[in-house]
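For reference, the structure I am asking about is given below.
The values are calculated or read from the model by the stated rules, or taken from the named source; none is laboratory data. Only a predicted model underlies this, so the values are computations on that prediction, with no experimental measurement involved. Here the Cβ is made from the backbone with ideal geometry for all residues, glycine too, and neighbour counts use every protein chain on show. The protein model used for the area step is the full one, side chains on, heavy atoms only, and it has no ligands, DNA or RNA in it. Shrake-Rupley method; radii C 1.70, N 1.55, O 1.52, S 1.80 Å.
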Amino acid sequence: HSDVRFVVGQERQEVFAHRCLLACRCNFFQRLLGPEPGPGVPSPVVLSTIPAEAFLAVLEFLYTNSVKLHRHSVLEVLTAAVEYGLEELRELCLGFVVKVLDVELVCEALQVAVTFGLGPLQERCIAFIEAHSQEALRTRGFLELSAPALLLLLRSDKLCVDEADLVLAARSWARVGAAVLERPVAEVAAPVVRELRLALLARRREEQNRREPLLSGEQIVEAWKCHALRRGDTARGASCHRRRGLPREHHRFLDLPLK
């Protein structure tokens, strides 16, 4: 006795449901489905951006007020819960994500948290990455972070990673963005590279930067001025504050607080 048909996801899976139940349980569906359909076969409602598995989980929650979540699809269900205004389902998803958070999931979860302003999840993800920095930087999720999400990480003092590895990771991130957006690497990297702490590097990187521009000449000059004069405050605007990562002998004089 279903009276509404959805075509869901890239695979265009057909899903059948009951209009009055969806409209009673969720304002999003009430607005989407509108008044009762007229005679004849109603046209399908196309929802191409949500995977079918995630949509079925949303329907399970609407019909039963409970849901069985899975690690590989919980972020899609969380996204749908936020977009559809289902606060109870959102809280169930957030609790589940925190329980199953691991290196492979954490950057994707951080991106969802940043996109939808989920502060507690954002803080939990950053703390996890701070404790597992080396592993997280090598994941696909890291390469797919947005610039605002990556900025949050680069501003952290608690990343357990050598700054040289962080520069390499930022370069890899920018390469992926440049390929997708068809823009120069330096242009894609521009919003985030100011947060790289070049004064923490033990040796120069100018030759690599000439081959594939990422850092501005001003950044490099400021960093090496910081080294030459052994005072972090001489390079105005240069970030000379230490991170928790691999300590170096030349870090002894870099003890300025972040502005």
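Six or more apart or on different chains, Cβ atoms under 7 Å: show the pairs whose first residue is in the stretch 96-108 and more than 20 Å from K68 (Cβ to Cβ) and at pLDDT 95 or above and whose second is open to solvent by 20 Å² or more (accessible area, probe 1.4 Å) and assigned to a helix (DSSP H, G or I).
Note: pairs meeting the criteria are V103/E135; V106/F128.
OK, next. More than 23 Å from A189 (Cβ to Cβ) and over 12 Å from the mean Cα position of the chain (by Cα) - does that describe any residue in the stretch 136-152? Quick ask: steps written out before the conclusion?
The initial filter retains those residues of the stretch 136-152 that are more than 23 Å from A189 (Cβ to Cβ), namely none.
Checked the stretch 136-152: no residue is more than 23 Å from A189 (Cβ to Cβ) and over 12 Å from the mean Cα position of the chain (by Cα).
Now for a different question. State which residue pairs qualify: first residue under 17 Å from R140 (Cβ atoms) and inside the stretch 173-184, second residue basic (K, R) and surrounded by fewer than 16 Cβ atoms within 10 Å (Cβ to Cβ) in any location, beta carbons under 9 Å apart, and separation of 6 or more residues or different chains.
These pairs meet every condition: G177/R183.
Would the stretch 44-55 turn up any residue that is surrounded by 20 or more Cβ atoms within 10 Å (Cβ to Cβ), touching a His at 6+ places or on another chain (Cβ under 9 Å) and of a type in the set (A, V, I, L, M)?
no
Oh, and also: Among what's in the stretch 56-83 and is closer than 18 Å to L110 by Cα and assigned to a loop (DSSP other than H, G, I, E, B), pick the residue that is least open to solvent (accessible area, probe 1.4 Å). I'd like the intermediate steps shown before the answer.
Narrowing the stretch 56-83 to residues closer than 18 Å to L110 by Cα: 70-83.
Then drop every residue that is not assigned to a loop (DSSP other than H, G, I, E, B), which leaves 70-73.
Working: H70: 71, R71: 90, H72: 122, S73: 11 Å².
Among those that are closer than 18 Å to L110 by Cα and assigned to a loop (DSSP other than H, G, I, E, B), it is S73.
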